[in-house]
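The values are calculated or read from the model by the stated rules, or taken from the named source; none is laboratory data. Note that the structure is a prediction, hence the values are computed from the model and not measured. All Cβ positions, glycine included, derive from the backbone under ideal geometry; neighbour counts span all protein chains shown. Please note that ligands, DNA and RNA were not included when accessible areas were found on the heavy atoms of the full protein model with its side chains. Shrake-Rupley method; radii C 1.70, N 1.55, O 1.52, S 1.80 Å.
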Amino acid sequence: LNEFLDKNYLNYGESRPLVKKEKPEDPWEFSDYPVNVRSRSLRIRLRNDQYFVDEEGLFRTERSFGNMMHELFSGMKSLEDLSLLLDRYVQSGLVPRGERVSLEELIRSKIRLPLVSDWFSGKGRIINERAILCGDSRVLRPDRVMIYPHKVTVVDFKFGEQQKPAYHKQVRGYMEQLKRMGHQQVDGYLWYVMLDQTIKVEA
């Protein structure tokens with residue numbers, strides 16, 4: 001090999017000319033692709049309530065507190081489920097650890113109301129946050145439906161302090177749809193949790 005050695009370089013043979021192959025045309029290859037034709041920019045919506053808890057583990061807004069309470073009540077069939085449910089939500093970060101004991105005391109105090117305590121006694125078939133397909137493109141999602149042998153009770157929870165006529169209309173819509181599903185006797189209630197008020201909605 002010394003014959004081909006020129007100082008520190010080794011020269012041997014001739015390199016072949018590089019022939020570039022033509023790439024076949026790909027019908028699925030795009031030079032540009034519009035992903036947003038609307039004038040408004042996209043926004044990220046965070047649905048999990050842990051995004052509304054501050055560094056000290058406290059709820060920032062009344063709305064975040066209401067969302068968390070809705071999550072808790074939707075996971076309860078009866079009051080016996082509360083302790084285990086709270087422990088699970090603390091582990092998942094949904095409920096701040098520092099609020100665990102006070103939340104359980106608060107919820108138990110609210111469920112002591114005579115009518116409400118019956119709703120969480122475990123009687124009947126309990127359906128929480130289940131979608132009802134109405135057949136006219138509407139989807140209803142009552143907070144709690146309790147099916148007993150001779151009647152059905154539907155309840156909507158409200159955690160704010162404002163009472164609005166629209167809430168009655170909302171519950172009446174649930175009642176009407178449940179009757180269309182074949183339930184003869186349907187009772188509807190609004191439960192203003194923080195106000196300790198239960199209001200029967202007339203059909």
Carbon and sulfur: what percent of region 52-203's accessible surface (1.4 Å probe)?
-> 48
Accessible area per residue of region 74-172 at 1.4 Å probe, in Å²?
-> 56
Let me know the shape class of region 70-144, please: from the alpha-carbon gyration tensor, a ≥ b ≥ c as square roots of the eigenvalues, rounded when a/c is under 1.5, otherwise prolate if a/b is greater than b/c, or oblate.
-> oblate
Count neighbours as other Cβ atoms within 10 Å of each site's Cβ, and list the chymotrypsin sites (Phe, Trp or Tyr not before Pro) in region 64-127 that are DSSP loop with at most 12 such neighbours.
-> none
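Return the loop-located GluC sites (Glu not before Pro) in region 84-183 (DSSP other than H, G, I, E, B) with at most 13 other Cβ atoms within 10 Å of their own Cβ; answer none if there are none.
On the way: sites: E99, E104, E105, E129, E161, E176; in loops: E129, E161.
Sites meeting the loop and neighbour criteria: E161.
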